[in-house]
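The values are calculated or read from the model by the stated rules, or taken from the named source; none is laboratory data. For clarity, every value in this text was computed on a predicted model and none was experimentally measured. FYI the Cβ positions are ideal-geometry reconstructions off the backbone, even for glycines, and counts take in every protein chain you see.
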C-alpha cells in the first residue's frame, strides 16, 4: 500500500503480467473469491499486495510436496475380435 493507505490495484491482465501467470488462472481465483478484487464496471481490479501474499502463503515447501508414485508400467489391454 502507499502512504495514503490506498491499495495497489491492477486489472487481471496486468496482474497476470506482473507475476508471469496466465490470465485465466488469475481470473479463476477472482471468480472463486480466493483473492481480493473489486469489480469496476466490467473489469475486475486485483489487489496486487494481497495477491502476492496469497501466492506466498499457498506455496508448498519441499517436505510438503508429494513424492511421485511409481507407475505399474504398461498393462496389456484385452482385445476382443
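Taking residues in the stretch 16-36 that are modelled with pLDDT of 95 or more, and partners anywhere that are assigned to a loop (DSSP other than H, G, I, E, B) and loosely packed, with under 12 Cβ neighbours inside 10 Å, the pairs with Cβ atoms closer than 8 Å and at least 6 places apart or on different chains are 16/22. If only residues of the stretch 26-45 that are more than 12 Å from the chain's Cα centre (by Cα) and not in a loop (DSSP other than H, G, I, E, B) are counted, the one that is farthest from residue 5 (Cα to Cα) is 43.
In the stretch 4-17, what residues are part of a helix (DSSP H, G or I) and out of contact with any strand residue (DSSP E or B) (no Cβ under 7 Å at 6 or more places or on another chain)?
13, 14, 16, 17
Which residue is farthest from residue 7 (Cα to Cα), if the candidates are limited to the stretch 50-70 and must be modelled with pLDDT of 70 or more and not in a helix (DSSP H, G or I)? Of everything passing the filter in the stretch 50-70, 59 is farthest from residue 7 (Cα to Cα).
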